[in-house]
Amino acid sequence: MVENRPWGNLLAHLILIVGVALVIFPVYVAVIASTQGPGEFLRGTLPLLPGGHALENYSAMWQAGLSRVGAPPVGQMLWNSFVMAMAITLGKLSISLLSAFAIVYFRFPFRLVFFWLIFITLMLPVEVRIIPTFQVVADLNMLNSFAGLSIPLIASATATFLFRQFFMTIPEELMEAARVDGAGPLRFFKDILLPLSVTNIAALFVILFIYGWNQYLWPLLITTDPNYYTIVMGIQRMTTAADSDPQWHLIMATVVMAALPPVLVILFMQRLFVKGLTETEK
Amino acid sequence: MQTKQMTFPSRWLPYALLAPQVAITLVFFLWPASQALYQSLLRQDAFGLRTTFVGLDNFARLFDDPGYLNAVSATAVFAVGTTLLSMGMALLLAATVNRMLRSRESYTTLLVWPYAIAPAIAGVLWWFIFNPSIGIVPYILEILGYRWNHRTSGSDAMLLVIFAAAWKQISYNFLFFLAGLQSIPQSLIEAAAIDGASPFKRFWTIVFPLLSPTTFFLMVVNVVYAMFDTFGVIHATTQGGPAQATNILVYKVYADGFVGLNLGSSAAQSVILMAIVVVLTVIQFRFIERRVNY
Amino acid sequence: MASIQLTGLKKTYAGNVEAVKGIDLEIADGEFVVLVGPSGCGKSTLLRMVAGLETITDGTLKIDDRVVNDLEPAERDIAMVFQNYALYPHMTVFGNLAYGLKNRGVKREEIERRVHDAAAMLEIEPFLERKPRKLSGGQRQRVAMGRALVREPSAFLFDEPLSNLDAKLRVQMRVEIKQLQRRLKTTSLYVTHDQLEALTLGDRLVVLNGGSIEQVGTPMEVYEKPASMFVATFIGSPAMNMLPVAYLRERGANGLLDHLAADTDVIGIRPDDLRIEAPDEDHLVVTGTVELFEAAGAESHLYVSLEGSDQPTVIRTSARPPVAEGETMRFHVLPSALHPFNQASGKRTQQGVS
Ligand SMILES: Nc1ncnc2c1ncn2[C@@H]1O[C@H](COP(=O)(O)OP(=O)(O)OP(=O)(O)O)[C@@H](O)[C@H]1O
Ligand SMILES: [Mg+2]
């Protein structure tokens, strides 16, 4: 609809600019803080323009971390986060692709039982079963390990349902044609189903990677060895000490480095991200 | 629930395909959940030496415990505050962006990225700009005559965590509102315009009612988010304080069980939380079923 | 090449839906057999049982004297062309044609050779590197055919392969399929609900109705001597007119009806057997009023209400018959053109008149 209201448009832009500014503001402040020297924070209020200590702060955190409060080098925590996020993402994708394939393309006794079993995981987030889950992981000797960080999180009802829904839209005849062409179930899965699911996999990948990267409570529970600290929980180790010993410039440098990877993922894969987000909720 | 009309004939393969998912579900979800149920009926003495079966006593005690009731009301305030603030902002921004033609993409890009930021980090960011001694916002508030201090004021602390939690969730709500707005037939709005309704009136009488499925869906999602996904916000900032003011239910489960080692009570709290998730999930799915039928 | 033998073939779906009720049929090596019938009569089900895509509830299916009831589709050495083509969307045309061969472990050079031969035969060589999405409907259809051809199977199975094409392309592809089958001499089973397609393509037709065979025969046999009222009205367009014997007797045609079996109570007359000009031989005469005149190019259809009958009757004439709407006139029928049926059984009552 063509609407000609110059002041209306102006107002709209104004609202949006203020909105965007509000959204960006905390991050802007963090970036500024990460460029300051240690002295700035003793003098009262934080400046709103960048200082000259960016390189120094970032490289200090990257290489050394904050040993005083037991935070390992950021480089290492980023790596841990990356490994954990990838393991969770790939794990969730693989097991839900396989489950959806089984549920859609096979008929077998107890199919519905399995379906409900998977569905139930939706209702049991880690937050509601913290201690017993911790006990299981401890009993399995998986504390302080990447296996412990990722495997307990890779059951995924959401991803399974998404793939199930997608598989249901694939024409029946495609599977029949493949069977006539001599493809058994696994070959059909590999040659036909997976290539057709690429977009869905990619979209889900974006969402799951962010999910994995941002895990907080779980790593907090099961890692006591700083070698396995992930970046998001590592920051918390620094902030608990912040009020007595404010190293804000270093904390904020870490915050920026922790937030950057998933933010970049969203910015560069915005279309896939939006698809992933809206489809998983359907 | 359907399969394909035609399915592969295999006796064992589907079980093998489901095995990883089912194994993880059993070991890390169902078994712990059943343990929580079981432990919620037990009580350990102070030294963890003796365990006795106490039936529903842990639950009874919870509802007599002012600390728990406080957590319930803190959770309610936090969830409602976060949901309203985040959805309100998101709706305003989405409705405004939806008017734009050329700049729509750019504004969207500028608004979606906070989704990627972990709740814990969102908490730290807001905690920093509200820091009573060096934060920029308290500085401004001071000028306006308000002494902000979330270390001592419970309501300040609550506001702080609401801001942080709502801020992170704006992107999500924005995207769904925008999608909802774009699925409203343009012709309806044009018809209203021809009938002489002002833009503002058009929004409240035509657009907003048509958006109600999205709004309802987001309300459920936001409540779930505020109740269960915001542990990091609290833990990385206020840690439930000051004086329990921000001690929301998930945080309390963790603090009582993992830190305070009060296993029976923590398990009982877990069970109550599970019941809440079950109810919310059912609401969400019933609603989504309807949405699919539209 | 192979013969296909169906003995007492039955399919019962869950919920006791009897889709196919005991079919006996022998398809000779190299023969082109068309399964034809109205929607829901079980054609696809029967074809898919032969393909191995549908389990067989009862009966035996032999391909080349080998019982294949429990073999996977891939083990039956058949190829199938699907109604919606079922091309693999993410593979090129080449990939689509090659997939079945690859799965069978055919050598690379051999795959190349066969794919190019098939592509040349179907004139789809220029598209080998394209994805199906970028092909027209007709081209996709050819690719689907190509996928069957390259396999060099002992039988082709077609499930309404032309029904997604526009009318003109359908005729063209029909001719091509016929020529291709003549050349390759591969046993073929072809499903269609289009009687014209059936008549023009098949060496033999199998007319199905409600899961059972109504008639098996060459197109000419089926057209000229329909074994039942169902076949008579299903094959041929416009459909055959049905008149009660009593009606014709009342018109004083007694002498000409004497040769009919005693249980005959319905007479079928094809629209082109009701003539405007009187022939020299003895014949029947009916009178009717032309309600509607419909010009259809090379021919015309008259919708006539016969005097003393409430059955609407269709008559096919030359392009420009000397009639006008509203005109009442006489129509002439040779006794040899009468198809006698029994209403209760629905069957033909005797073997023709000559
Ligand atoms: N999976 C199934 N479960 C139950 N009944 C079925 C199933 N598939 C087909 N049928 C029934 O079997 C009968 C025959 O179906 P079929 O698909 O063979 O018909 P058709 O002759 O191919 O029809 P069309 O010309 O419409 O394709 C129909 O009544 C159909 O409803
Ligand atoms: Mg069919």
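The values are calculated or read from the model by the stated rules, or taken from the named source; none is laboratory data. As the structure is a prediction and not an experimental result, all values here were calculated from the model. Cβ atoms come from the backbone with ideal geometry, glycine included; neighbour counts cover every protein chain shown. Keep in mind that these areas ignore ligands, DNA and RNA; they rest on the heavy atoms of the full protein, side chains included. Shrake-Rupley method; radii C 1.70, N 1.55, O 1.52, S 1.80 Å.
Does residue C:97 satisfy being out of contact with any Ser or Thr (no Cβ under 9 Å at 6 or more places or on another chain) and open to solvent by less than 10 Å² (accessible area, probe 1.4 Å)? So residue C:97 passes the test. Go through the residues of the stretch B:155-170 one by one and say whether even a single one is in contact with a Phe, Trp or Tyr (Cβ under 9 Å, 6 or more places away or on another chain), assigned to a loop (DSSP other than H, G, I, E, B) and either more than 9 Å from every other protein chain (Cβ to nearest Cβ) or open to solvent by less than 40 Å² (accessible area, probe 1.4 Å) (or both). No, that holds for no residue. Scanning the stretch C:314-354 for residues that are over 26 Å from the mean Cα position of the chain (by Cα), farther than 26 Å from residue C:292 by Cα and either at pLDDT below 85 or open to solvent by 40 Å² or more (accessible area, probe 1.4 Å) (or both) yields a total of 1. Inspection of the stretch B:26-48 finds no residue satisfying the criterion of being touching a helix residue (DSSP H, G or I) at 6+ places or on another chain (Cβ under 6 Å), β-branched (Val, Ile, Thr), buried (at least 17 other Cβ atoms within 10 Å of the Cβ) and in a helix (DSSP H, G or I). The single condition among (1) within 19 Å of residue C:211 (Cβ to Cβ); (2) buried (at least 22 other Cβ atoms within 10 Å of the Cβ); (3) of a type outside the set (A, V, I, L, M, F, W, C) that residue C:8 does not satisfy is (2).
Scanning the stretch B:20-51 for residues that are aromatic (Phe, Trp, Tyr) and either touching a strand residue (DSSP E or B) at 6+ places or on another chain (Cβ under 7 Å) or more than 30 Å from residue A:99 (Cβ to Cβ) (or both) turns up just one, B:47. Filtered by the rule that a residue be more than 16 Å from ligand 2 (Cβ to nearest atom) and over 21 Å from residue C:234 (Cβ atoms), the stretch C:28-56 gives C:28, C:29, C:30, C:31, C:52, C:55, C:56. Quick one: would you say residue B:244 is open to solvent by 20 Å² or more (accessible area, probe 1.4 Å) and either of a type in the set (Ser, Thr, Tyr) or facing another protein chain (nearest Cβ under 9 Å) (or both)? Criteria not met by residue B:244.
Looking only at the stretch C:127-148, decide whether some residue is within 16 Å of ligand 1 (Cβ to nearest atom) and either of a type in the set (Lys, Arg) or touching a Phe, Trp or Tyr at 6+ places or on another chain (Cβ under 9 Å) (or both). The answer is no, given that none of the residues of the stretch C:127-148 is within 16 Å of ligand 1 (Cβ to nearest atom) and either of a type in the set (Lys, Arg) or touching a Phe, Trp or Tyr at 6+ places or on another chain (Cβ under 9 Å) (or both).
Report every pair of residues separated by at least 6 positions or lying on different chains whose Cβ atoms are under 8 Å apart, first residue within the stretch C:38-67 and more than 28 Å from residue C:232 (Cβ to Cβ), second in a loop (DSSP other than H, G, I, E, B) and within 16 Å of ligand 2 (Cβ to nearest atom). The qualifying pairs are C:48/C:54; C:53/B:6; C:54/B:6. Would you check which residues across the stretch A:135-185 are within 9 Å of another protein chain (Cβ to nearest Cβ), open to solvent by less than 30 Å² (accessible area, probe 1.4 Å) and of a type in the set (S, T, N, Q) and list them? Scanning the stretch A:135-185 gives A:156, A:160.
Screening the stretch A:166-282 for helices (runs of 4 or more DSSP H) wholly inside it with 1 or more residues that are hydroxyl-bearing (Ser, Thr, Tyr) returns the ranges A:198-213, A:231-240, A:248-268, A:270-280. Does at least one position in the stretch C:118-129 carry a residue that is of a type outside the set (A, V, I, L, M, F, W, C), outside any loop (DSSP other than H, G, I, E, B) and open to solvent by less than 50 Å² (accessible area, probe 1.4 Å)? No. When A:14, A:48, A:93, A:97 are screened for being open to solvent by 60 Å² or more (accessible area, probe 1.4 Å), at negative phi, part of a helix (DSSP H, G or I) and not polar (S, T, N, Q), only A:14 passes. Please indicate, with yes or no, whether at least one residue in the stretch C:75-82 is farther than 17 Å from residue C:177 by Cβ, modelled with pLDDT of 90 or more and outside any helix (DSSP H, G or I). Within the stretch C:75-82 (the criterion being farther than 17 Å from residue C:177 by Cβ, modelled with pLDDT of 90 or more and outside any helix (DSSP H, G or I)), the answer is yes, since at least one residue qualifies.
A Cβ distance below 8 Å, combined with a sequence gap of six or more or placement on separate chains, defines the contacts here; from the stretch B:1-19, residues that are facing chain A (nearest Cβ under 7 Å) and part of a helix (DSSP H, G or I) reach residues that are open to solvent by 80 Å² or more (accessible area, probe 1.4 Å) and of a type outside the set (Phe, Trp, Tyr) in the pairs B:13/A:186. In this structure, does residue B:186 turn out to be open to solvent by 20 Å² or more (accessible area, probe 1.4 Å), within 10 Å of chain A (Cβ to nearest Cβ) and under 23 Å from residue B:107 (Cα atoms)? For residue B:186, the condition - open to solvent by 20 Å² or more (accessible area, probe 1.4 Å), within 10 Å of chain A (Cβ to nearest Cβ) and under 23 Å from residue B:107 (Cα atoms) - is met. Residues in the stretch B:61-100 that are more than 25 Å from residue B:164 (Cβ to Cβ), assigned to a helix (DSSP H, G or I) and open to solvent by 50 Å² or more (accessible area, probe 1.4 Å): 5 in all.
Just so you know, in the stretch B:110-148 the residues that are over 25 Å from residue A:16 (Cα atoms) and touching a Leu at 6+ places or on another chain (Cβ under 7 Å) include one that is farthest from the other protein chains (Cβ to nearest Cβ), and it is B:148. Just one residue in the set A:126, A:113 is surrounded by fewer than 20 Cβ atoms within 10 Å (Cβ to Cβ), more than 8 Å from chain B (Cβ to nearest Cβ) and closer than 22 Å to residue B:277 by Cα; that residue is A:113. Residues of the stretch C:181-202 that are away from ligand 1 (no atom under 16 Å from the Cβ), touching a residue at least 12 places away in the same chain (Cβ under 8 Å) and surrounded by fewer than 17 Cβ atoms within 10 Å (Cβ to Cβ): C:184, C:185, C:200. Checked against the criteria, residue C:70 does not count as more than 10 Å from ligand 1 (Cβ to nearest atom) and either surrounded by 19 or more Cβ atoms within 10 Å (Cβ to Cβ) or under 23 Å from the mean Cα position of the chain (by Cα) (or both). Take the residues in the stretch C:16-56 that are farther than 18 Å from residue A:179 by Cβ and within 14 Å of another protein chain (Cβ to nearest Cβ); name whichever of them is least open to solvent (accessible area, probe 1.4 Å). Only one residue tops the list, namely C:19.
Tell me whether the stretch C:190-197 contains one or more residues that are under 17 Å from the mean Cα position of the chain (by Cα), part of a loop (DSSP other than H, G, I, E, B) and not β-branched (Val, Ile, Thr). Checked the stretch C:190-197: at least one residue is under 17 Å from the mean Cα position of the chain (by Cα), part of a loop (DSSP other than H, G, I, E, B) and not β-branched (Val, Ile, Thr).
Just to be sure, is residue C:264 part of a loop (DSSP other than H, G, I, E, B) and of a type in the set (Val, Ile, Thr)? Here the answer is yes, as residue C:264 does meet what is asked. Scanning the stretch B:247-275 for residues that are more than 10 Å from chain A (Cβ to nearest Cβ) and touching a residue at least 12 places away in the same chain (Cβ under 8 Å) gives B:247, B:248, B:252, B:255, B:264, B:265, B:268.
Here residue B:91 meets each of (1) within 20 Å of the chain's Cα centre (by Cα); (2) away from chain A (no Cβ under 14 Å) with one exception, condition (2).
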